[in-house]
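Colleague: First the structure, then my questions, so here it is.
No lab work stands behind these numbers, since they all come straight from the coordinates. Note that the structure is predicted; figures quoted are calculated from it, not measured. Ideal geometry is used to build each Cβ from the backbone, glycine not excepted, and the neighbour counts take in all protein chains shown.
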């Protein structure tokens, strides 16, 4: 019997390491009979820590929320007595458990091994058919055929832009240069996206294998993984994976005796969102400030140290070994006409089940939100999804039947982006969301282009004053004009897409902007400066709010209902937070 | 002067040298918690990279700090999911508890409070990280206890000494 604990970052944050240690301690005397293993994230972040019990007959049971104090009962009932604890059960190999709907609708290609293998053991990856694709490619020794196969599969870059991966490889292969590079972009900076982290933590070898295949196809012998320093666990597991692969001759010099060399090095990013842009990323590897440059020349012809360079994202590389192993038809039969295969989404926000889902392209937003992720938390009303991070946009609930493919998403004004999908409910203020993203892009603008540097700042100022009850007539039009200028006068994707969150929220939620500006009201009751605080008759006169109020706006006798003097109220929220009887109302 | 002349960008950063500057800065920061001016000078002398270039890189990336920080670094995630789940209130409560503004360090140099764009644990929002430990699904009310625990631990360490 095997007991497997999910030790991704989200699991660890939920206490999985304590669970693991507890199991290790308690299993001490049973060792040999029961093996304790680690694995990455299976994607059910909302039920972490997750523990899988794999029985000798092949059946397995996944238990959710197994914190340290639940370990004893788990060992007692599940391991000793061989029973199942139904209340904790999230998924079993017999397709029962509370979260079956979450996993059943998914089609896991990128996440094929995440949450099932131990990412720190190459044996596990090999047992799951790992490195077979690389072996096949090397023994066939036909780089052109590999490129054709990837083109035929229809795989498009999963980092956001959606360029055909095989074409990108071909350009780099055809480019003149004695030295070529493969770079894996793991600088996942979009707030709200964590699929790359999960893949690197859960299945690092898949990315390495994908990179080696790319290296062979384009004629490169060096690979770099540019990974965020904020992902210590991913860096740790990649380091282990590279060492293991080199030890077995699957990376490094003369791979599998075929004469093909491929060395992979890790580069830690230093915290700059703009480095997700390929030319900025290259500058950063070269030890410079991460600022984008004019393209062309594209990195495929002049990239790292002016050599032809192919850059793909983590998810793209993780797809490659599967495509090579299963053939392009198995991949391009999934999805829509122009968007093939699957896409991983990082689901977060106001939904019941947040985590990673991998679905075939062509599924609708509604299916993901309601059927897979269980709908909106606390029975609130579904308002919008934000797709594509700071470069993307908000798609309103009315358009929830929009199909997930590159073209359909672009039509709404959002972009597929890397696949962060944040769900918003009626309590989310869309003006505030736009302000939030502009605050982000404004800070992360590298400053090279004036319109991006100054324009985003001006837009942020306008948005801030709208949310602080100082919006003026004409502000919406001003935002639209600035957005247009920033979009058309910036060099890289950051500036060209920075206005998207503003433009889409104006397009679909204009009335919310107008309510803020004209009526000085926030329909979602979220912008503090636009709230009115009143005391309801739930007040029992405990006087706590009066003491908390810094402006002396609350008066009332002990055990009598209190009142707020609106002329003195500064909307600081202190009374609301202090009241233990929910007697303060914000409207 | 002479070191400037030695500086040959292409040669220095070519394969094998691996763009040493950022890793060197990262190492300097790991050793001292921030980048000391002496370290910048050292890098300049060792590699011949102009001081202005080093300073430019050190100030460009948000990871690098040029000022000393507290013993424990509290990073409040302000990613999208955390934002809609109330990251603002988390920062505000921490500011109240620690009596510093975000970006500041407490007088006893025990805590530095920062905000970060995204820690990638969106389904546990709102999230904070103290050093390498992550705390998820927080409410502003939970923070007092967390901070108190760190203070207690520190007091115990001091007492032991």
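Colleague: Per DSSP helix of 4 or more residues, -39500 (n - 2.57); summed, then divided by the residues of chain A. What does that give at 222 nm, rounded to the nearest 500? List each step's numbers first, then the result.
Modeller: Details: 21 runs with 204 residues, N = 587.
Here the helix-only value at 222 nm equals -10000 deg cm²/dmol.
Colleague: Could you tell me how many degrees, from 0 to 90 and to the nearest 10, lie between the Cα long axis of helix B:21-32 and the main elongation axis, the longest principal axis, of the Cα atoms of chain B?
Modeller: It is inclined by approximately 50 degrees.
Colleague: In addition: Determine which residues of region A:47-78 fall in the zone a paramagnetic label at residue A:123 would reach in this model, i.e. backbone nitrogen under 19 Å from the point 7 Å along Cα→Cβ.
Modeller: A:54-58
Colleague: Just to verify a number: FRET efficiency for residue A:229 and residue B:42, C-beta to C-beta distance, R0 = 22 Å, to 0.05? Numbers along the way, then the final one.
Modeller: Details: r = 21 Å, r/R0 = 0.97.
Using R0 = 22 Å, I get an efficiency of 0.55.
Colleague: Shape verdict for region A:122-331, please, from the Cα gyration tensor: rounded (a/c under 1.5), prolate (a/b greater than b/c) or oblate.
Modeller: Details: a/c = 1.43, a/b = 1.17, b/c = 1.22.
In terms of gyration-tensor shape, rounded.
Colleague: Under the definition of partner shielding as Cβ atoms of other protein chains within 10 Å of a residue Cβ, what is the mean value for peptide A:266-274? Please list the in-between numbers first.
Modeller: Working: counts 0, 4, 4, 4, 12, 7, 4, 3, 1.
The mean count of partner-chain Cβ atoms within 10 Å per residue comes to 4.
Colleague: Across the residues of A:9-17, average count of Cβ atoms on other protein chains within 10 Å?
Modeller: Values: counts 7, 9, 2, 5, 13, 7, 2, 0, 1.
So the per-residue partner count for this stretch is 5.
Colleague: Residue A:152 label point, 7 Å along Cα→Cβ, cut-off 17 Å on backbone N: hits in region A:312-338?
Modeller: It comes to A:320-334, nothing else.
Colleague: Along Cα→Cβ, 7 Å out, is where each label goes; now give me the distance between the ones at residue A:1 and residue B:62 in nm to one decimal.
Modeller: Reported label-point gap for residue A:1 and residue B:62 is 4.6 nm.
Colleague: log10 I(q)/I(0), Debye, Cα-only region A:430-519, no solvent, q = 0.13, 0.14, 0.18 Å⁻¹?
Modeller: Ignoring solvent entirely, the Cα scatterers give -0.35, -0.41, -0.67.
Colleague: Just to be sure I follow: if Rg is taken over the C-alpha atoms of chain A and Rh is the Kirkwood radius over the same atoms, what is Rg/Rh? If you can, show how the numbers build up before the last one.
Modeller: Numbers: Rg = 26.3 Å, Rh = 25.9 Å.
Expressed as Rg/Rh, it is 1.02.
Colleague: Obtain the nm distance between the two label points defined at residue A:377 and residue B:89 by a simple spin-label model: each point lies 7 Å from its Cα along the Cα-to-C-beta direction.
Modeller: 1.1 nm
Colleague: What is the calculated FRET efficiency for residue A:510 to residue A:454, with r their C-beta to C-beta distance and R₀ = 25 Å, to the nearest 0.05? Write out the running numbers ahead of the final one.
Modeller: Values: r = 25 Å, r/R0 = 1.02.
The pair residue A:510/residue A:454 has a calculated efficiency of 0.45.
Colleague: Among A:359, B:76, which comes first, second and so on when ranked by fewest other beta-carbon atoms within 10 Å?
Modeller: Details: A:359 21, B:76 25.
Listing A:359, B:76 from fewest to most nearby Cβ atoms yields A:359, B:76.
Colleague: Quick one: A:131, B:61, fewest Cβ neighbours within 10 Å first, how do they rank? Display every interim value, and only then the final one.
Modeller: Working: A:131 23, B:61 19.
In order of increasing Cβ crowding within 10 Å: B:61, A:131.
Colleague: A further question follows. Using only the alpha carbons, work out the radius of gyration and Dmax of region A:433-587 in angstrom.
Modeller: 19.8, 64
Colleague: Something else about it: With each pseudo-label sitting 7 Å past Cα toward Cβ, what's the residue B:154-residue B:130 distance in nm, one decimal?
Modeller: 1.0 nm
Colleague: Let me ask something else. I'd like the distance between the alpha-carbon centres of region A:176-198 and region A:259-295, rounded to an integer number of Å.
Modeller: 8 Å
Colleague: Stretched out fully, how many nm does the piece from residue A:411 to residue A:56 gain, at 0.36 nm a residue minus the Cα gap? Can you show the working numbers first?
Modeller: Working: separation 355, 0.36 × 355 = 127.80 nm, distance 5.09 nm.
Additional length available on full extension: 122.7 nm.
Colleague: What value, in deg cm²/dmol to 500, does the helix sum -39500 (n - 2.57) over DSSP H runs of n ≥ 4 give at 222 nm once divided by the residues of chain B? Provide the component values of the computation, followed by the final result.
Modeller: Details: 8 runs with 77 residues, N = 161.
Theoretical 222 nm ellipticity from helices: -14000 deg cm²/dmol.
Colleague: Also: Please state the shape class of region A:2-103: rounded when a/c is under 1.5, otherwise prolate if a/b exceeds b/c and oblate if not, all from the C-alpha gyration tensor.
Modeller: Details: a/c = 1.60, a/b = 1.11, b/c = 1.44.
Oblate shape, in that a/c is at least 1.5 and b/c is the bigger or equal ratio.
Colleague: Pairing the Cα long axis of helix A:430-444 with the longest principal axis of chain A, what angle in degrees results, from 0 to 90 and rounded to the nearest 10?
Modeller: Taking Cα atoms only, the helix is inclined about 50 degrees.
Colleague: At a Förster distance of 60 Å, what's the computed FRET efficiency of residue B:102 paired with residue A:93, Cβ-Cβ distance as r, to 0.05?
Modeller: Numbers: r = 47 Å, r/R0 = 0.79.
Given R0 = 60 Å and the Cβ-Cβ separation, E is 0.80.
Colleague: Same structure, new question: Please give the helix B:37-47 orientation as an angle from the longest Cα principal axis of chain B, in degrees from 0 to 90, rounded to the nearest 10.
Modeller: Helix B:37-47 sits roughly 40 degrees off the main axis of chain B.
Colleague: Using the Kirkwood radius over C-alpha pairs as Rh, can you work out the diffusion coefficient of region A:306-448 via Stokes-Einstein at 20 °C, viscosity 1.002 mPa s, in µm² per second? Intermediate values should be presented prior to the final figure.
Modeller: On the way: Rh = 16.5 Å.
Answer, rounded: 130 µm²/s.
Colleague: Oh, and also: Arrange B:95, A:52 by Cβ neighbour counts within 10 Å, fewest through most, would you?
Modeller: The most exposed by this proxy come first: B:95, A:52.
Colleague: Okay, next question. Just report the Cα centroid separation between region A:431-477 and region A:513-528, whole Å.
Modeller: Here the answer is 17 Å between Cα centres.
Colleague: Where the centroid of each part is defined by its Cα atoms, how far is region A:225-243 from region A:359-395 in Å?
Modeller: If we compute the Cα centre of each part, the gap is 30 Å.
Colleague: OK, next. How large is Rg/Rh for region A:203-284, to two decimals, with Cα atoms and a Kirkwood Rh?
Modeller: Values: Rg = 13.3 Å, Rh = 13.4 Å.
The Rg/Rh ratio comes out at 1.00.
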